[in-house]
Amino acid sequence: MDMSRTLCRSDRLAKQLGRAWSPYAAIGIAGLLTLAPPVHAVDGCLVLLCFAAPSWRAIPQCVPPVVKVLRDLALGRAFPTCAMSGGGNTAGNQWSRPPTFCPPQYTHAVDDDHAVIYTCDYNGAVEVQIEGAPWTRTWWSFDGQTVTEYTPTAKASLGTWETKFDDDYAAWLAMQPPPPPPCEDCGG
């Protein structure tokens, strides 16, 4: 693929992202995309931008590279890098470790004869940092399912985002038993 096609595609993506993001974020994204090299395998810079977007599924140019990265991660391949992203703008994968590194709404406990075994609906999470601060965490599973957790900073900047993570958490929280009432006769 030649550089002119890459820049054209990058400009279209920057414009789509710019519609949903603040002007400050759109300017930074457009600058980053115009520096992106031609795509040979999976473009780490494009994938970083897609995972930072309000909804990578809603951007047609994001779907094929993100699906490819998730398939590669499921096969044990490394997350692609972006040398031109600038300081503090990174993305990488971490494997889930329930119950400590898995959202509570997706963590399940199974009582075994001798111990409790925890499972997670998702196998890993792609974490994105923008300007050195956490931005998003996209939980993914081997079967291709994803859900994205947006930080308060990302939500404030984006204005709109996929709410499935928040909706699932609210539903999980509503199903939790109420805390026990305070004990008045506990002595003390």
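Some points to look at:
- Boolean, Cys120 is hydrophobic (A, V, I, L, M, F, W, C), under 19 Å from Trp172 (Cβ atoms) and touching a Pro at 6+ places or on another chain (Cβ under 9 Å): yes
- Among the residues of segment 131-141, the one identified as among the aromatic types (Phe, Trp, Tyr) and either without any contact (Cβ under 8 Å) to a residue 60 or more places away in the chain or surrounded by fewer than 13 Cβ atoms within 10 Å (Cβ to Cβ) (or both) is Trp139.
- Gln94 surrounded by fewer than 19 Cβ atoms within 10 Å (Cβ to Cβ), more than 23 Å from Tyr169 (Cα to Cα) and not hydrophobic (A, V, I, L, M, F, W, C): no
- Residue within segment 113-120 that is modelled with pLDDT under 95 and on the phi > 0 side of the Ramachandran plot present: no
- The listed residues are Ala109, Ala125, and the only one of them that is surrounded by 13 or more Cβ atoms within 10 Å (Cβ to Cβ) and in contact with a strand residue (DSSP E or B) (Cβ under 7 Å, 6 or more places away or on another chain) turns out to be Ala125.
- Taking the criterion of being touching a strand residue (DSSP E or B) at 6+ places or on another chain (Cβ under 9 Å), surrounded by 19 or more Cβ atoms within 10 Å (Cβ to Cβ) and either closer than 17 Å to Gly144 by Cβ or polar (S, T, N, Q) (or both), the residues of segment 43-72 that qualify are Val47, Phe51, Trp56, Val66, Val69, Leu70.
- Restricted to segment 154-188, and to residues there that are part of a loop (DSSP other than H, G, I, E, B) and among the charged types (D, E, K, R), the residue that is modelled with the highest pLDDT is Glu162.
- Within segment 142-159, being over 20 Å from Val66 (Cα atoms), touching a residue at least 60 places away in the same chain (Cβ under 8 Å) and exposed (fewer than 14 other Cβ atoms within 10 Å of the Cβ) holds for one residue alone: Gly159.
- Here is the figure for segment 123-153: residues that are farther than 27 Å from Leu75 by Cβ and either assigned to a loop (DSSP other than H, G, I, E, B) or of a type in the set (Asp, Glu) (or both) total 3.
The values are calculated or read from the model by the stated rules, or taken from the named source; none is laboratory data. Everything numeric here is computed off the predicted structure, so don't read it as measured data. Counting neighbours? That spans all protein chains shown, and the Cβs are built from the backbone with ideal geometry, glycine included.
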